[in-house]
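The values are calculated or read from the model by the stated rules, or taken from the named source; none is laboratory data. This one's a predicted model, so the numbers in the text were calculated from it and none came from an experiment. Every residue, glycine as well, gets a Cβ built from its backbone with ideal geometry; the counts of neighbours run over all protein chains shown. Heads up: the accessible areas ignore ligands, DNA and RNA and are worked out on the full protein's heavy atoms, side chains in. Shrake-Rupley method; radii C 1.70, N 1.55, O 1.52, S 1.80 Å.
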Amino acid sequence: MSEGKIVGREELRERVNMWRRAGDRVVLANGNFDLLHVGHVRYLRGAKELGGKLIVAINSDESVRALKGEGRPVMPAEERAEIVAALADVDAVVVFSELDVRALIREIRPDIQAKGTDYTADSVPERDAVAEYGGRVAIVGDPKKHSTSEILRTRLAARRP
């Protein structure tokens, strides 16, 4: 059941500590995950393939709006979290309100921060926070050919009368 995977930050810290005691690696992926598409699935699968427990941090509605503009997100954070939590590759989901995941990275210190192919290891905005404790950044997923913004702009807009 996916609901047990959706946690607050306090519970997430407890789970991370438990996983580490059990010898598990912790991988963090993050994003808006508005209108889940195949690019998201491939990104999360690639993150899981790095090994260990996969945490997905989802931007809150307010942070998506600040990053993407009015009209976004299409789906509220609770629904986006439930959909992502239902994926087999995902071990935990947390919603965060900041514009980037630096604070969460500093709280849970993932072994690996996984980012999609729209980034390079040098362009990941939070790489500084990961480097502070010796973690690493990994680029995973398929080439950036899928985008919720593009789907909304082209496919859905073309269907309007």
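What number, rounded to the nearest 500 deg cm²/dmol, is the helix-based mean residue ellipticity at 222 nm of the chain, given -39500 (n - 2.57) per DSSP H run of at least four residues and division by all its residues?
Mean residue ellipticity, 222 nm, calculated: -9000 deg cm²/dmol.
Testing the spin-label approximation: label points 7 Å from Cα along Cα→Cβ at GLU14 and GLU78. State their distance in nm.
The two pseudo-label positions are separated by 2.2 nm.
How far apart, in nm, are the 7 Å Cα→Cβ label points at GLU70 and ARG21?
The answer from the label model is 5.1 nm.
Angle check, please: helix 38-48 long axis (alpha carbons) against the longest principal axis of the chain (alpha carbons), in degrees 0 to 90, nearest 10.
0 degrees
Provide the convex hull volume over Cα atoms per residue for region 36-79, in Å³.
Looking at region 36-79, the number lands at 84 Å³ per residue.
Under unit Cβ charges (Lys, Arg +1; Asp, Glu -1), what dipole magnitude, rounded to 20 debye, does the chain have relative to its Cα centre?
So the dipole magnitude of the chain works out to roughly 460 debye.
Pop out the carbon and sulfur fraction of the accessible area of the chain as a percent, whole number, probe 1.4 Å.
Carbon plus sulfur share of accessible area: 49 percent.
Over all pairs of distinct alpha carbons, what does the Kirkwood formula give as the hydrodynamic radius of region 18-58, in Å?
10.9 Å
Expressed as a fraction of 2.2 N^0.38 Å, the rule-of-thumb size for a compact globular protein of N residues, what is the C-alpha radius of gyration of region 25-112?
Normalised Cα radius of gyration, region 25-112: 1.03.
Convert 37 °C to kelvin, take the viscosity as 0.692 mPa s, use the Kirkwood radius over C-alpha pairs of the chain as Rh, and evaluate the Stokes-Einstein diffusion coefficient in µm²/s, rounded to a whole number.
Roughly 205 µm²/s, to the nearest whole number.
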